[in-house]
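> Handing you a structure now.
No value in this document is a laboratory result; all are computed from the given coordinates. What you see is a predicted model; the values in this text were computed from it and never measured. Note that we place each Cβ from the backbone using ideal geometry, even for glycine, and neighbour counts take in every protein chain shown.
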Amino acid sequence: MAAAMPLALLVLLLLGRRGWCLAEPPRDSLREELVITPLPSGDVAATFQFRTRWDSELQREGGLSVLLKADRLFHTSYHSQAVHIRPVCRNARCTSISWELRQTLSVVFDAFITGQGKKDWSLFRMFSRTLTEPCPLASESRVYVDITNYNQDNETLEVNPPPTTTYQDVILGTRKIYAIYDLLDTAMINNSRNLNIQLKWKRPPENEAPPVPFLHAQRYVSGYGLQKGELSTLLYNTHPYRAFPVLLLDTVPWYLRLYVHTLTITSKGKENKPSYIHYQPAQDRLQPHLLEMLIQLPANSVTKVSIQFERALLKWTEYTPDPNHGFYVSPSVLSALVPSVVAAKPVDWEESPLFNSLFPVSDGSNYFVRLYTEPLLVNLPTPDFSMPYNVICLTCTVVAVCYGSFYNLLTRTFHIEEPRTGGLAKRLANLIRRARGVPPL
Amino acid sequence: MAAPLALVLVVAVTVRAALFRSSLAEFISERVEVVSPLSSWKRVVEGLSLLDLGVSPYSGAVFHETPLIIYLFHFLIDYAELVFMITDALTAIALYFAIQDFNKVVFKKQKLLLELDQYAPDVAELIRTPMEMRYIPLKVALLQCFPQCYFSCLSDIPVSVPPYLVCPRTPLSPPAAVHTCENEEQGLLDLFLGVCHDVCGKPSGNRLPLLLPSQLLGFHPRSLWLYCWVSPDFKLSCAVKEGLSVPDLTPNIGLFWYFFAEMFEHFSLFFVCVFQINVFFYTIPLAIKLKEHPIFFMFIQIAIIAIFKSYPTVGDVALYMAFFPVWNHLYRFLRNIFVLTCIIIVCSLLFPVLWHLWIYAGSANSNFFYAITLTFNVGQILLISDYFYAFLRREYYLTHGLYLTAKDGTEAMLVLK
């Protein structure tokens, strides 16, 4: 990953003295995994996860990172990156800790672009590379393919090469089945020197929409004009009978001045008061607004959280190079314990796949989810950037007009004006007139 | 005179009540010409709701009022409209009586000077008679009620709440209990104190206008202790910083916002100081020149503050314009009154148009609004200096005679030299 180098520096700073103690890196220090989920519409979602326990070094050669080609990855419909860093105990008594770094990249490939119209896909078509060898430092290097709905019969799809093992678990509240390809398994790669996982649809999949998750959210800005607007977040709870609370965290830049007395939360048309609000107002040019609320979402409902704001005029040096593009507002973060349909047994952190263990929960009746809404683009009123000198001159002229008028009136007094007797031109004219014999002026 | 005044008040209250109930209320209360970041009612409501949330209203950059406003409106929030209407009515009444007393003082002084033969013989036309001065207080009350009610009563606290906690007839009431107010409208308070002093014959009427500039900062120097006692979060530095350093660049009808939006960072402190000094430094020369005429001095000072303060609004403009009937007799000496009236009216009409074009239609840019701001301020400056010129000229005529002749017998021209 291109971000690996600066990330390495970042993690190095967190290191402390423990990092370089061990001479030999322990074997379970790096795990990498790729989860491929075909979506009913034909698109393919691929999620890479790399987990490093700190004591080892961070370079990776081979393994799954060969698939990370920027030109293919950024031709996707959606991509998201995450970095999680946390301390973990090295032993049961937690006498020493090491640092865990988890890097995640999720992309959604558009079937039409990659598959040339057909819904079949393969690793080569998506990434233009195939897997040749596992990462030498990795203790685990696996590819999981989601074959949930099409398990037993080979009539709907065929996965090539056929998987040797499958994995079943309750992920995010629903039961899922994955085909596992273990790169460290020598039998896997030896045959053809590379692993190109392919999926062919025997029967066209019904274009049903993917099952709606229990919690999803949307955010948008409404209003017109450059003076004010309204920020609205819609929270959908699609569970048929369970209500659950959601923690909503909003960080809004200072130049969108929020008015917290206009904050309204409505569910099903009625007002919904949050159980907890923490609001930290912004300081101009110092800190952004911080709004955190715990909202109870009733079952099967849409909750709308809206707040009005005013757009500030900034100094001309504070605008981005393209000020009419707008300013970005970071996404809101929603954290919730969502009740799951299927009870899951508590997950064992070490044994389970990485994609299952990011937010471990102790009881199986709900799972933790953290959602990010869309980032928003907001326009601010702009001054004219070509005018600084003109503005200074004109404003100072107006001030000088005032100063001049008042100076005149304060320091001078009225006098009767005496008619002017002399004047060079008049005298000259009189001279000429005398010479001509005409009466003087 | 009670009946016409009562009629004026009734009509004013009715119009305000009608405006509050109509859909115009919300529209006007958000206009930038009418509200400023320091005097917006929306921000007061925001401060109160921050207080309800348990957050100090001064921890953000939205709320810039004094602590006594918070306490006052904490209890009166549901009756806010009523409070504004009552205080506006009180303003009108107070102004009415103040100007009535002022007229009596003027007339008395004029009589004294006439007897002392200080006036030139042929200035009979310039002497003011009680007859012509009879309706002036009413006109002042009228002018105070109406332009303001269209604009300020809906949205900001300025001329309303403040000085009405002092009764203008009690001389020298301790200012501390009084200064719950908004920035410059304390000028009105001092006007009253000044009038009290005049009425009560104290010679110190000149000192009070000197205190006017301190009102710019939003509080009277003596009431600081009260604010700090009332609310520990109210830091002097916050209040002074907001008023003086102009961090909030929201467009308004003044000159500051665009200037500091386009300022080179390097010079920003220098120009802030220059602009703020500009408000204050006319005080002493004016005090010296106008030491015999404290009320006119106060009028000029209020006008200068209204033009050069950090966040002016039409409420401030309407405040000094309410005093024009008092100087009606200067009309014959005004030189450019027609042009200036046209400028001010046209600019007032163009403000909302160009704001709409910039912010909503997107077809104009900020320069258009800024140009109208410049023109409006030039118009105001020239208007005030015109009145000053007329005043000085009348004084000259009073002492030197109205029909002046030059040495050779022709009609004389007066110039400032």
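> With a ≥ b ≥ c the root eigenvalues of the C-alpha gyration tensor of segment B:12-53, is it rounded (a/c under 1.5), prolate (a/b larger than b/c) or oblate?
Since a/c reaches 1.5 and a/b is larger than b/c, the shape of segment B:12-53 is classed as prolate.
> Calculate the mean, over all residues of peptide B:45-57, of how many other protein chain Cβ atoms lie within 10 angstrom of the residue's Cβ.
3
> In nm, to one decimal, how far is the modelled label at A:TYR403 from the one at B:VAL346, with both set 7 Å along Cα→Cβ?
In this crude spin-label approximation the distance works out to 2.8 nm.
> Quick check for you: which residues of segment B:7-27 have the amide N under 18 Å from the point 7 Å beyond the Cα of B:GLU81 toward its beta carbon?
Answer for this model: B:10-27.
> Ok, one more. In nm, to one decimal, how far is the B:LEU416 label point from the A:SER77 one, both placed 7 Å along Cα→Cβ?
7.4
> Right, here's the next one. Please report, for the Cα atoms of segment A:215-378, the Rg to one decimal and the Dmax as a whole number; what are they, in angstrom?
Calculated on Cα positions, Rg and Dmax stand at 18.4, 58 Å.
> By its C-alpha gyration tensor, with a ≥ b ≥ c as the square roots of the eigenvalues, how is segment A:257-354 shaped: rounded for a/c under 1.5, else prolate for a/b larger than b/c, else oblate?
Cα axes put segment A:257-354 in the oblate bin.
> Right, something else. Using DSSP to call loops (not H, G, I, E or B), can you name the trypsin sites (Lys or Arg not before Pro) in segment B:275-363 whose Cβ has at most 16 other Cβ atoms within 10 angstrom?
B:LYS291, B:ARG335
> Something else now. If each residue's Cβ is checked for other Cβ atoms within 10 Å, how do A:CYS89, B:CYS347, A:CYS396 rank with the fewest at the top?
Going from least to most buried by this count: A:CYS89, A:CYS396, B:CYS347.
> Over the Cα atoms of segment B:1-136, compute the convex hull volume and normalise it per residue, giving Å³.
186
> If R0 is 51 Å, what FRET efficiency do you get for A:ARG412 and A:HIS278 from their C-beta distance, rounded to 0.05?
After rounding to 0.05, the efficiency reads 0.20.
> Given points 7 Å out from each Cα along the Cα-Cβ axis, report the A:ILE180 to A:ARG433 separation in nanometres with one decimal.
12.2
> Given R₀ = 45 Å, FRET efficiency for A:ALA425-A:CYS393 by Cβ-Cβ distance, to 0.05?
Efficiency, from the Cβ-Cβ distance: 0.75.
> Could I ask something else about it? Say the cut-off is 30 Å between C-alpha atoms; which of A:LYS119/A:LYS176; B:LYS108/B:LYS289; B:LYS104/B:LYS417; A:LYS228/B:LYS309; B:LYS109/B:LYS139 go over it?
B:LYS104/B:LYS417, as the Cα separations exceed 30 Å there.
> Place a label point 7 angstrom from the Cα of B:SER363 along the Cα-to-Cβ direction, then list the residues of segment A:307-333 whose backbone nitrogen is under 14 Å away.
In segment A:307-333, the label zone of B:SER363 (backbone N under 14 Å from the point 7 Å along Cα→Cβ) covers no residue.
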